[in-house]
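Structure record follows, encoded as structure tokens.
The values are calculated or read from the model by the stated rules, or taken from the named source; none is laboratory data. Everything numeric in this text was worked out from a predicted model, so none of it was measured. Here the Cβ positions follow ideal geometry from the backbone for every residue, glycine too, while neighbour counts run over all protein chains shown.
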Protein chains: 2
Amino acid sequence: MGADLQTHQRQIADILSAWGMPARNAARTAEVMAWTDLHGVDSHGISMLTVYDRHVKAGRLRMAAEPRVIAEGPVHALVDGDGGLGHPAARLGMEQAIAKAAAAGIGMAAVRNSAHFGACGYYANMAAEAGMIGLVTTSASLVQVAPAGGAEARLGTDPLAFAAPGEPGRPFLLDMATTTVAAGRIRNKENEGLPCPPGWLLTKDGQPSTDPAEARARGGYLTSLGGSLEGSSYKGYGLSAMVNILSACLAGSTLITDPQHLKKPQGMDIGHFFLAINPAVFRPADDFRADVAAFCDALRGTRPATPGQPVMVAGDPERAHAERRRREGIPVAPGLLEKLRTLAAESGAPWHLGAPA
Amino acid sequence: MGADLQTHQRQIADILSAWGMPARNAARTAEVMAWTDLHGVDSHGISMLTVYDRHVKAGRLRMAAEPRVIAEGPVHALVDGDGGLGHPAARLGMEQAIAKAAAAGIGMAAVRNSAHFGACGYYANMAAEAGMIGLVTTSASLVQVAPAGGAEARLGTDPLAFAAPGEPGRPFLLDMATTTVAAGRIRNKENEGLPCPPGWLLTKDGQPSTDPAEARARGGYLTSLGGSLEGSSYKGYGLSAMVNILSACLAGSTLITDPQHLKKPQGMDIGHFFLAINPAVFRPADDFRADVAAFCDALRGTRPATPGQPVMVAGDPERAHAERRRREGIPVAPGLLEKLRTLAAESGAPWHLGAPA
């Protein structure tokens with residue numbers, strides 16, 4: 001029902017290469033994007049090529065970019081993304097943070113002059129695979145969220161990811177937007193002709209709405225996690241601000257509230273932040289992992305509210321997707337597949353994914 | 001309408017001293033608790049003395065405790081709380097993190113063998129006052145939250161705080177439980193005979209409820225931020241797990257899911273985590289502060305959904321409380337005042353707060 005992981009990844013790499021991305025960066029980016037699709041996060045994998053295509057055509061993404069460390073010390077690195085797609089810059093950032101944490105106990109990297117880097121979870125998971133805690137945040141390009149109590153878009157979906165190694169191959173891996181839901185889930189409701197649950201949306205006057213067309217067509221906003229003032233949306237709003245402070249203010253990237261946001265000559269100037277903590281400085285690494293594993297197992301063992309629907313831990317649903325897709329291939333919906341085929345043909349990239357079923 | 005800050009603080013210190021806390025620790029603890037009341041966080045200041053009193057009487061808090069650093073390196077410190085109240089151990093932890101960040105760029109402390117430390121925000125604010133980003137988490141004693149999709153309490157309110165210096169005297173300061181609301185707000189609804197908004201509560205079978213008596217009297221649970229599966233409560237649940245991993249797993253404190261939770265001979269064994277980041281390693285500190293200040297001001301400038309109710313930034317509501325209470329004194333409700341007077345008399349502490357109005 002879809003290509004195998006290797007073919008899927010090669011398709012992505014070939015399109016990126018055809019756009020002028022150096023081979024190593026294309027391979028490293030395709031690896032992130034294919035991992036994301038494998039784990040069921042369809043919003044942040046191959047589907048993003050249609051968005052990147054628009055940025056490339058608009059001259060907003062330097063495909064020839066070579067991200068590099070422009071300043072560093074024993075516990076930090078400052079990375080310049082060179083105006084390119086965020087994935088290579090983000091991998092470099094987390095690699096730096098991990099290397100420094102391995103030597104010093106903790107390490108961090110701030111990245112500026114970057115762009116969309118896909119799913120935060122990939123980079124947090126890099127830390128967990130190295131036996132460390134990982135924390136990742138990124139600023140956003142799209143302004144679509146009103147601060148709690150506001151009637152004007154000021155923020156993005158402003159995601160964060162946190163990972164910790166536990167049972168081998170089963171890290172704790174939280175990857176979340178700080179909004180109640182992403183725009184894609186609202187679009188899905190609209191496509192099905194269904195109302196949204198209360199708390200997902202605001203009208204352009206900042207009033208609650210359940211009409212999925214509100215945000216897209218009538219100038220409304222997404223809500224911060226919590227959904228309403230009574231549901232403590234000031235907490236999701238606060239987390240969103242935290243994400244911007246870490247991602248943009250530390251690196252010196254353009255703030256989403258800056259009138260120059262997305263208008264600077266060098267590119268999109270999105271910022272990211274990466275933190276790695278080596279638990280072995282506090283206690284034997286195996287004891288730490290055993291505690292994380294026991295904690296996750298205790299949570300999984302909670303009596304479920306709906307019989308037969310076990311309680312899961314962050315990372316479990318994505319691992320279930322990955323297991324199935326490793327067996328069955330990675331599905332790409334027919335409409336998207338057709339768009340990607342057009343896009344490959346336009347760029348002169350070879351086509352590997354076959355025809356829509 | 002209440003004592004001035006100094007008198008309020010002296011009352012707290014005198015009761016702690018009467019319980020056997022060494023003078024310096026009593027002063028340092030009273031400073032945290034009085035700051036908390038000054039900033040309007042009434043749930044975590046002097047009112048907690050009635051809870052601590054029960055722990056002292058039950059032999060669960062070593063008032064003579066002297067927290068100390070038991071292991072350290074250039075970027076980390078491991079603190080043992082010695083089975084005492086958490087405030088002195090937490091201040092020591094954040095002091096260590098800040099000192100290390102000042103020298104190395106980033107610093108962290110894990111605290112074990114501790115207890116309730118009051119409001120997370122106090123310690124995060126210490127970092128902001130030192131010109132740094134602060135992140136603080138703590139594990140909890142009370143098991144009262146069901147994981148998303150669960151029908152069994154497994155977690156606590158599991159708070160986190162994040163601070164960043166911006167305009168002098170006006171840091172960004174987020175201090176939040178990872179639950180939708182705290183138990184106190186549900187109790188308030190019950191006292192007023194009002195239902196809770198949807199999303200605050202679950203029945204003992206994990207079903208949504210708006211009856212405020214549900215959690216207290218009938219074995220129900222608090223919800224994680226998001227409130228329901230449709231409201232993305234798995235995100236609040238994930239943040240709550242993150243808080244426990246940082247607070248308990250790094251320090252090696254007893255996990256809230258451990259059958260030995262609160263049963264260990266040495267005390268409550270709550271864990272905390274403190275992180276300080278020196279922005280000056282990435283860019284001039286003043287540029288960082290100016291960006292944080294501009295960002296906060298842009299958020300405050302958002303058109304409000306309700307005219308006359310300006311959009312605020314994390315830390316603003318608490319600063320407004322502090323300004324008023326510096327002028328008018330710190331109010332203590334009559335019922336609480338009476339309990340505190342009894343408690344002071346029992347312990348032999350002098351009484352400074354006067355009689356109920």
Worksheet entry | The one condition in (1) outside any loop (DSSP other than H, G, I, E, B); (2) among the acidic types (D, E); (3) over 29 Å from B:K100 (Cβ atoms) that B:D258 fails to fulfil | (1)
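Quick check on my filter: what residues within region A:107-121 are within 14 Å of chain B (Cβ to nearest Cβ) and either surrounded by fewer than 24 Cβ atoms within 10 Å (Cβ to Cβ) or touching a Pro at 6+ places or on another chain (Cβ under 8 Å) (or both)? If you could, list the steps in order and put the result at the bottom.
Pass one, region A:107-121, residues within 14 Å of chain B (Cβ to nearest Cβ): A:107-113, A:120-121.
Of everything in region A:107-121, those that are within 14 Å of chain B (Cβ to nearest Cβ) and either surrounded by fewer than 24 Cβ atoms within 10 Å (Cβ to Cβ) or touching a Pro at 6+ places or on another chain (Cβ under 8 Å) (or both) turn out to be A:V111, A:C120.
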Worksheet entry | Qualifying positions in region A:138-155 - away from chain B (no Cβ under 11 Å) and crowded, with 22+ Cβ neighbours inside 10 Å | A:T138, A:A140
Worksheet item: Would a scan of region B:284-295 turn up a residue that is facing chain A (nearest Cβ under 8 Å), surrounded by fewer than 18 Cβ atoms within 10 Å (Cβ to Cβ), modelled with pLDDT of 95 or more and out of contact with any His (no Cβ under 6 Å at 6 or more places or on another chain)?
Response: yes
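Are any residues in region B:150-177 within 12 Å of the chain's Cα centre (by Cα), of a type in the set (A, V, I, L, M) and outside any loop (DSSP other than H, G, I, E, B), and if so, which ones? Before you say what the answer is, go through the steps one by one.
Here is the first cut: in region B:150-177, the ones within 12 Å of the chain's Cα centre (by Cα) are B:157-162, B:174-177.
From what is left, the residues that are of a type in the set (A, V, I, L, M) are B:160-161, B:174, B:176-177.
Matches in region B:150-177: B:L160, B:A161, B:L174, B:M176.
Say we look at region A:75-94 and pick out the residues that are in a strand (DSSP E or B) and surrounded by fewer than 24 Cβ atoms within 10 Å (Cβ to Cβ); which of these is farthest from the other protein chains (Cβ to nearest Cβ)? Don't jump to the end; show me each part of the working.
Of region A:75-94, the ones in a strand (DSSP E or B) are A:76-80.
Still in the running and surrounded by fewer than 24 Cβ atoms within 10 Å (Cβ to Cβ): A:78, A:80.
Numbers: A:L78: 5, A:D80: 12 Å.
My answer is A:D80.
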Worksheet entry | Failed condition for A:G45, given (1) small (G, A, S); (2) in contact with a Leu (Cβ under 6 Å, 6 or more places away or on another chain); (3) away from every other protein chain (no Cβ under 14 Å) | (2)
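Yes/no per residue for (1) within 29 Å of B:P310 (Cβ to Cβ); (2) outside the structural domain of A:A115 (by TED's automatic domain parsing); (3) modelled with pLDDT of 95 or more:
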residue: A:A140; (1), (2), (3): yes, no, yes
residue: A:R154; (1), (2), (3): yes, no, yes
residue: A:A161; (1), (2), (3): no, no, yes
residue: A:F172; (1), (2), (3): no, no, yes
residue: A:N188; (1), (2), (3): no, yes, no
residue: A:N191; (1), (2), (3): no, yes, no
residue: A:A215; (1), (2), (3): yes, yes, no
residue: A:G227; (1), (2), (3): yes, yes, yes
Worksheet item: Here is a list of conditions, (1) surrounded by fewer than 16 Cβ atoms within 10 Å (Cβ to Cβ); (2) touching a helix residue (DSSP H, G or I) at 6+ places or on another chain (Cβ under 8 Å); (3) not hydrophobic (A, V, I, L, M, F, W, C), and A:T342 meets all of them except one; can you say which number that is?
Response: (2)
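Just checking, does region A:214-229 include any residue being part of a helix (DSSP H, G or I) and among the acidic types (D, E)? So that I can check it myself, show each step before the final result.
Initial filter on region A:214-229 (part of a helix (DSSP H, G or I)): A:214-217.
Checking the rest, the ones that are also among the acidic types (D, E) come to A:214.
The answer is yes; a qualifying residue exists.
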Practice prompt. Could you list, in sequence order, all residues of region A:154-181 that are in contact with a Ser or Thr (Cβ under 9 Å, 6 or more places away or on another chain) and among the aliphatic types (A, V, I, L, M)?
Written response: A:L155, A:L160, A:A161, A:M176, A:A177, A:V181
Practice prompt. Collect the residues in region A:178-207 that are touching an Asp or Glu at 6+ places or on another chain (Cβ under 7 Å) and either without any contact (Cβ under 8 Å) to a residue 60 or more places away in the chain or part of a helix (DSSP H, G or I) (or both), keeping them in residue-number order.
Written response: A:P195, A:P197, A:L201, A:T203
Practice prompt. Mind counting the residues in region B:232-267 that are at positive phi and at the interface with another protein chain (Cβ under 9 Å from one of its Cβ atoms)?
Written response: 2
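Quick test for you: out of B:G308, B:G354, pick the one residue that is touching a residue at least 12 places away in the same chain (Cβ under 8 Å), surrounded by fewer than 15 Cβ atoms within 10 Å (Cβ to Cβ) and either outside the structural domain of B:N125 (by TED's automatic domain parsing) or part of a helix (DSSP H, G or I) (or both). It would help to see each step written out before you state the result.
On the way: B:G308 fails: touching a residue at least 12 places away in the same chain (Cβ under 8 Å).
Unique residue meeting the criteria: B:G354.
Given the criteria more than 14 Å from the chain's Cα centre (by Cα), within 30 Å of A:A97 (Cβ to Cβ) and without any contact (Cβ under 8 Å) to a residue 40 or more places away in the chain, does B:E95 qualify?
Working: more than 14 Å from the chain's Cα centre (by Cα): yes; within 30 Å of A:A97 (Cβ to Cβ): yes; without any contact (Cβ under 8 Å) to a residue 40 or more places away in the chain: yes.
Yes; evaluated as a whole, the condition is true for this residue.
Matching residues to (1) in contact with a Leu (Cβ under 8 Å, 6 or more places away or on another chain); (2) under 25 Å from A:F172 (Cα atoms):
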| position | (1), (2) |
| --- | --- |
| A:Q266 | no, no |
| A:F282 | yes, yes |
| A:G301 | no, yes |
| A:P317 | no, yes |
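For the condition in contact with a Cys (Cβ under 6 Å, 6 or more places away or on another chain), under 22 Å from B:S228 (Cβ atoms) and either of a type in the set (F, W, Y) or buried (at least 24 other Cβ atoms within 10 Å of the Cβ) (or both), what is the one hit in A:D158, A:D175?
Details: A:D158 fails: in contact with a Cys (Cβ under 6 Å, 6 or more places away or on another chain).
Only one candidate passes the filter, namely A:D175.
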Fill in: Criterion (farther than 24 Å from B:V56 by Cα and touching a helix residue (DSSP H, G or I) at 6+ places or on another chain (Cβ under 8 Å)) met by exactly one of B:A241, B:A290, B:A294, B:A217
B:A241
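Could you say which residue among B:A97, B:A64 is among the aliphatic types (A, V, I, L, M) and more than 14 Å from chain A (Cβ to nearest Cβ)? Let's see the steps before the verdict.
Numbers: B:A97 fails: more than 14 Å from chain A (Cβ to nearest Cβ).
Just a single option satisfies the conditions, and that option is B:A64.
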Discussion item. Please count how many residues of region A:166-179 are more than 10 Å from chain B (Cβ to nearest Cβ) and under 22 Å from A:A97 (Cα atoms).
Written reply: 4
Discussion item. Quick check on region A:323-357: of everything there that is over 23 Å from the mean Cα position of the chain (by Cα) and charged (D, E, K, R), which residue is farthest from A:R54 (Cα to Cα)?
Written reply: A:R327
Discussion item. Of all residues being under 24 Å from the mean Cα position of the chain (by Cα) and among the small types (G, A, S) in region A:180-212, which is nearest to the other protein chains (Cβ to nearest Cβ)? Just the residue, please.
Written reply: A:G199
Worksheet item: Among the residues of region A:257-271, is any touching a strand residue (DSSP E or B) at 6+ places or on another chain (Cβ under 9 Å), buried (at least 24 other Cβ atoms within 10 Å of the Cβ) and hydroxyl-bearing (S, T, Y)?
Response: no
Item to complete: Given the conditions (1) in contact (Cβ under 8 Å) with a residue 24 or more places away in the chain; (2) not in a loop (DSSP other than H, G, I, E, B), report the number of the one that A:A71 does not fulfil.
Response: (1)
Fill in: Yes/no for B:L229 being within 8 Å of chain A (Cβ to nearest Cβ), in contact (Cβ under 8 Å) with a residue 12 or more places away in the chain and on the phi < 0 side of the Ramachandran plot
no
Item to complete: Just name the residue that is farthest from B:G81 (Cα to Cα) out of those in region B:268-281 that are at the interface with chain A (Cβ under 9 Å from one of its Cβ atoms) and among the aliphatic types (A, V, I, L, M).
Response: B:V281
